[in-house]
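Undergrad: A single structure is presented below for examination.
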Amino acid sequence: MVNKFSLIGLSGSSTQKVESDTIEVEAQFGMPILSLVSYSIAAVCVSFLFIFAIDESMSVSWFFISETLALLLIPVLAQQGFENTAKFLLILYVDIAIIILSSIFNGQAEIQYFLIPAMGLAILLFEYQNNKLRNLSIFLSVISYFIIDFIAIDRVTLSPESIDYVRWGVIGAAFITTWIIFNTFSESKERAKQITKEFLGKEKELNKQLNKKQKELESYIVKLEDTSDKLKQSSSAKTDFLTTMSHEIRTPMNAILGMTHFLKEDDPRDDQLESINILDFSAKTLLSLIDDILDISKIDAGKIEFEKIDFELKELVSTVSESFKTTALNKKVELITEIGEDVPKTLIGDPNKLIQILNNLVSNALKFTEKGFVKIAVQSLDEANSTVEVEFKVIDTGVGIEHDRLDSIFESFVQANKTTRRLYGGTGLGLSISKKLVELQGGNILVESEVGKGSEFKVRLRFEKPEETDNLETGKAESKIEKTLDLKVLVAEDNIVNQKVMESFLRRWEIEAVVVGNGLEAIRELERNDYDLILMDLEMPEMDGYEAAEKIRNMENPSKRDVPIFALTAAALNEVKDKVHSVGMNDFVTKPFNPVELKRKISEVKTS
């Protein structure tokens with residue numbers, strides 16, 4: 001749905017602007033009128049000055065001299081910023097001049113009629129905002145008109161010829177002044193109307209453009225919503241694709257790694273062991289590539305999650321080192337592990353993510369090191385009451401990285417150069433994923449390198465410290481778990497090869513196992529017999545693992561309804577894990593499973 005919006009506010013704003021501009025334009029006529037009237041009346045005063053000077057009326061001449069000077073100074077006063085004062089003084093001087101002249105001529109020249117244009121002058125000089133000054137000026141003109149006959153000034157006697165000159169001068173001045181005032185008034189109003197018309201035209205054009213922009217915006221919103229829907233569909237399709245591919249690839253990989261594990265334990269010949277190691281390394285490399293792609297997808301989607309569980313740091317580092325032992329031996333590269341004495345034995349965090357980070361760094365170091373060593377060094381940097389900052393260093397004597405490439409190597413699908421890709425292969429995802437995993441946990445990762453001398457990667461992460469009593473209890477429980485594996489397990493798995501792999505592992509651990517091909521068979525078997533644990537594959541024909549788990553949780557018999565269920569899933573996405581828990585399953589094991597992890601989880605069922 002497109003959200004409509006109105007242009008009324010914009011239109012109103014435009015109208016207000018037009019009105020404001022019109023008032024401003026009209027106000028600009030005040031100064032020209034003031035100057036024009038001041039200079040015009042000053043000119044009239046000069047003409048009267050000559051008349052009275054000829055007639056030798058010096059007392060009146062001094063009045064016209066002072067009036068002329070005042071009228072000439074009024075525009076100067078306005079230009080200095082005292083505009084309203086200058087306007088008021090102009091009205092005042094005009095009124096005084098009319099009163100004095102009327103008294104001088106005793107009404108013979110009808111000078112009092114000048115008070116009418118004086119009122120109009122007040123209207124022109126003062127705009128609406130100065131309404132009080134305008135009304136006061138008009139009031140002074142009205143008062144002046146009524147008090148003319150009550151002002152006592154010495155009369156001046158002029159000859160008939162002078163009276164005629166004065167009379168015609170007054171009439172001409174009155175006509176000219178009135179004409180100037182009202183002509184200017186008319187011109188200002190016409191100009192204001194013209195400007196208002198222009199502004200209204202611009203407003204109309206602006207509204208037209210705004211309407212056009214509104215339609216364009218509505219069109220863009222529709223397109224944006226359509227694009228958003230397509231992106232959601234694309235994201236959903238991407239998730240479905242990754243889930244499917246993960247499941248389809250991990251399922252056979254489970255069989256390959258499982259059988260490889262058995263072949264290693266069957267005491268093979270040296271020539272056979274080399275082939276088995278190559279098979280094991282290749283399978284794990286392929287699995288690592290799949291994990292990298294899934295992790296990048298989860299990180300980009302903001303769906304990565306971190307656990308907070310107890311783990312032994314020394315054992316974790318030893319596991320990482322052990323997993324690369326064969327690779328190091330084959331390349332004749334020394335793999336060294338150094339753990340500082342001040343590093344806590346047990347920490348709280350996400351061990352799987354830490355293993356993933358270290359695996360990427362060590363794998364990267366071994367890949368680019370042909371001679372010398374690769375070292376994993378761990379030390380404690382800052383230990384508080386409940387937390388500790390730990391620094392992990394992975395140092396190698398490999399080919400090194402060019403200085404101008406150090407920043408870019410943490411970008412996805414980026415390697416040091418094209419030659420590196422051709423010589424060593426790889427996707428360039430490992431370092432990018434490691435950086436993102438470190439930073440999402442509030443840590444940082446740095447690299448120092450020199451071409452031909454090797455590289456040093458530093459990772460700093462802060463972990464919580466568990467209580468020591470918990471560690472002791474955990475250690476006792478684990479030692480007890482290793483000795484008690486007397487369980488009866490139901491396995492629901494449709495893939496025949498994976499059935500044999502799972503069955504072989506369970507029998508080696510002296511666990512009684514019954515294998516069925518789908519969820520429906522699992523329910524029927526559970527109804528007939530009791531089991532300590534169910535290992536449930538998720539994707540199966542007839543009835544999948546989700547539906548089977550829900551039906552089991554709804555059984556009437558408590559011993560069967562509450563039996564622990566572990567999901568066997570080849571899809572490592574969070575959506576799948578969330579759904580596993582939502583249908584009542586207790587835990588999940590990701591294919592291809594780690595035998596040690598699977599054995600530990602099965603053992604915990606016995607002690608629970």
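The values are calculated or read from the model by the stated rules, or taken from the named source; none is laboratory data. None of the values given here were measured: they were computed from a predicted structure. Positions of Cβ are generated from backbone atoms using ideal geometry, with glycine treated the same way; all protein chains shown enter the neighbour counts.
Undergrad: Going by the conditions given, is residue 294 surrounded by 17 or more Cβ atoms within 10 Å (Cβ to Cβ) and touching a Pro at 6+ places or on another chain (Cβ under 6 Å)? Don't jump to the end; show me each part of the working.
TA: Numbers: surrounded by 17 or more Cβ atoms within 10 Å (Cβ to Cβ): yes; touching a Pro at 6+ places or on another chain (Cβ under 6 Å): no.
When the stated conditions are applied, residue 294 does not pass them.
Undergrad: Now for a different question. Return the pairs, sorted by first residue and then second, in which the second residue is polar (S, T, N, Q) and in a loop (DSSP other than H, G, I, E, B), the first residue lies in segment 303-330 and is closer than 14 Å to residue 352 by Cα, the beta carbons are less than 7 Å apart, and the residues are 6+ apart or on different chains.
TA: Note: pairs meeting the criteria are 306/441.
Okay, residues lined up against (1) at pLDDT 90 or above; (2) under 13 Å from residue 490 (Cα atoms); (3) part of a helix (DSSP H, G or I):
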site: 514; (1), (2), (3): yes, yes, no
site: 536; (1), (2), (3): yes, yes, no
site: 585; (1), (2), (3): yes, no, no
site: 592; (1), (2), (3): no, no, no
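Undergrad: Moving to a separate point now. Residue check, residue 283 against (1) under 26 Å from residue 432 (Cβ atoms); (2) in the same structural domain as residue 436 (by TED's automatic domain parsing), all met but one. Which one?
TA: Single failed check for residue 283: (2).
Undergrad: Moving on to the next point. Determine whether residue 93 is over 25 Å from residue 139 (Cβ atoms), hydroxyl-bearing (Ser, Thr, Tyr) and at pLDDT 70 or above. Step through it out loud before you land on a result.
TA: On the way: over 25 Å from residue 139 (Cβ atoms): no; hydroxyl-bearing (Ser, Thr, Tyr): yes; at pLDDT 70 or above: yes.
No; evaluated as a whole, the condition is false for this residue.
Undergrad: Given the condition surrounded by fewer than 15 Cβ atoms within 10 Å (Cβ to Cβ) and modelled with pLDDT of 90 or more, answer yes or no: does some residue in segment 478-500 qualify?
TA: Looking through segment 478-500, at least one residue is surrounded by fewer than 15 Cβ atoms within 10 Å (Cβ to Cβ) and modelled with pLDDT of 90 or more.
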